[in-house]
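S.K.: Before anything else, here's the structure in question.
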Amino acid sequence: MNILGVETTCDETSLALVQDGVKVLHETTVSQILKHRQYGGVVPDLGAREHLTNLQSIGDEFMREINDHKIDAVAVAAKIGLPPAVQVGEAYAAGLAKSLNVPLIPVNHAVAHIWGTWIDQKFETKPEFPFLGLIVSGGHSQIVQFDSPTSYEVLGDTLDDAVGEAFDKVAAMLKLPYPGGPEVEAMAQLGDELSIKFPIPLKDDDTLNLSFSGLKTAVRNYIAAEEGKYDEKTRKFFVGDVCASFQLSAFTAIANKVLKAMQETKIHELVIGGGVACNQRLVDVLFNRIGEAHQFDLYVPSKQYCTDNASLIAGYAYNLAEEI
Ligand code: KG4
Ligand code: ZN
């Protein structure tokens, strides 16, 4: 079954044709990052305008490229995301589905990130249901129990800033460009993650929720107090220490809650997804923190399918298609 995916929820305009939920036959993704960088983050109305322009410029070419393939359904990232941007994709996908005379499958973008893990990858094993999903993106930090593709329960939710959002804000405080996650990860290599003791968010909290705004404020206060002590030459080590120490606190908070979720649910299979899943330190901290207490299986998407694209939308929709 071939599903055509449409993704416009944030700053990527993406179209993809995916076979049986895992094999990408064709994908075109245009990033708006450079357009938003000057504003230090995504501007929703600018994003919506850019999606319209991008869809016009890539749409016809994309349809020509996939001309030889049959299309069984159109999937679109719906509801979750920046409203004006999401609406552009929804309208475009509805038009496509109508003109192709195939069903339209609206999907939850955040949940689709978990299904991005199977795209173009060869795992020796796959988790059985139920498994735990960790969604770590610019908009979400969630721990979700999946009993099936459509039956899932959010065990722990984003209380304030999502973890990717906190990375973007910390990067901005350090004058690193948007999106901040990859910049913070790169600068952290220069630093010592044990050099600054930032708080570990919700360390003694009883829930599985995640919060990063207190940590963000602690980083802001530290930068304000210490920044002046460094000159141009030594500044990169200051930035490195802040990035590395921030990263360790954020990821320890996540690992603590995932460990708690595993203890409570007795489920030891974890699938991660979303832009922050690109970060190697997250994977290491999860192994270090949880591996000591439990044997567990971790499934991580390939870097390309951590961040937003239409392949993961089509990939998840394949699992919903039998229900429509
Ligand atoms: O999943 P995604 O592409 O978009 C949303 O659905 O939000 O995630 C984007 C987020 C941004 O906040 C970005 O800074 C973060 O993922 N990100 C990272 C890394 N790469 C992207 N965060 C930490 N480390 C990275 N290597
Ligand atoms: Zn996303």
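The values are calculated or read from the model by the stated rules, or taken from the named source; none is laboratory data. Because the structure is a prediction, the values reported are computed rather than measured. Don't worry about glycine lacking a Cβ; one is built from the backbone with ideal geometry, like all the others, and counts go over all protein chains shown. Areas reflect the complete protein model, heavy atoms only, side chains present, ligands, DNA and RNA absent. Shrake-Rupley method; radii C 1.70, N 1.55, O 1.52, S 1.80 Å.
S.K.: So S14 passes all but one of these: (1) more than 16 Å from ligand 2 (Cβ to nearest atom); (2) assigned to a strand (DSSP E or B). Which condition number does it fail?
M.R.: Single failed check for S14: (1).
S.K.: Continuing with the same structure: Among the residues of segment 295-318, is there at least one that is β-branched (V, I, T), away from ligand 1 (no atom under 14 Å from the Cβ), touching a residue at least 24 places away in the same chain (Cβ under 8 Å) and within 28 Å of V107 (Cβ to Cβ)?
M.R.: Scanning segment 295-318 turns up no residue that is β-branched (V, I, T), away from ligand 1 (no atom under 14 Å from the Cβ), touching a residue at least 24 places away in the same chain (Cβ under 8 Å) and within 28 Å of V107 (Cβ to Cβ).
S.K.: Let me ask something additional. Could you figure out which of (1) more than 16 Å from ligand 1 (Cβ to nearest atom); (2) open to solvent by less than 10 Å² (accessible area, probe 1.4 Å) isn't true of F123?
M.R.: The number of the failed condition is (2).
S.K.: Out of A85, A162, A97, I need the residue that is among the aliphatic types (A, V, I, L, M), in contact with a strand residue (DSSP E or B) (Cβ under 7 Å, 6 or more places away or on another chain) and more than 23 Å from L320 (Cα to Cα). Which one?
M.R.: From the options A85, A162, A97, the qualifying one is A162.
S.K.: Please state which of the following conditions T234 fails to meet, knowing it meets all the rest: (1) of a type in the set (S, T, N, Q); (2) open to solvent by 10 Å² or more (accessible area, probe 1.4 Å); (3) within 16 Å of ligand 1 (Cβ to nearest atom).
M.R.: The one condition T234 does not meet is (3).
S.K.: Taking segment 45-76, which residues are charged (D, E, K, R), open to solvent by less than 50 Å² (accessible area, probe 1.4 Å) and in a helix (DSSP H, G or I)?
M.R.: E50
S.K.: Ok, one more. Considering only residues that are modelled with pLDDT of 95 or more and open to solvent by 20 Å² or more (accessible area, probe 1.4 Å), which ones fall in segment 150-164?
M.R.: Scanning segment 150-164 gives S151, Y152, E153, V154, L155, D157, T158, L159, D160.
S.K.: May I pose another question? In segment 111-153, what residues are aliphatic (A, V, I, L, M) and either within 16 Å of ligand 2 (Cβ to nearest atom) or closer than 30 Å to L25 by Cα (or both)?
M.R.: Hits for segment 111-153 are V111, A112, I114, I119, L132, L134, I135, V136, V144.
S.K.: If D206 meets every condition in (1) crowded, with 21+ Cβ neighbours inside 10 Å; (2) more than 15 Å from ligand 1 (Cβ to nearest atom) apart from one, which number is that one?
M.R.: (1) is the only condition that D206 fails.
S.K.: Name the single residue that is farthest from V102 (Cα to Cα) among those in segment 33-44 being surrounded by fewer than 16 Cβ atoms within 10 Å (Cβ to Cβ) and among the aliphatic types (A, V, I, L, M).
M.R.: L34
S.K.: Please pick out the residue among G240, G180, G191 that is open to solvent by less than 30 Å² (accessible area, probe 1.4 Å), under 21 Å from Q32 (Cα atoms) and either away from ligand 1 (no atom under 13 Å from the Cβ) or touching a helix residue (DSSP H, G or I) at 6+ places or on another chain (Cβ under 6 Å) (or both).
M.R.: Being open to solvent by less than 30 Å² (accessible area, probe 1.4 Å), under 21 Å from Q32 (Cα atoms) and either away from ligand 1 (no atom under 13 Å from the Cβ) or touching a helix residue (DSSP H, G or I) at 6+ places or on another chain (Cβ under 6 Å) (or both) holds for just one of G240, G180, G191, which is G180.
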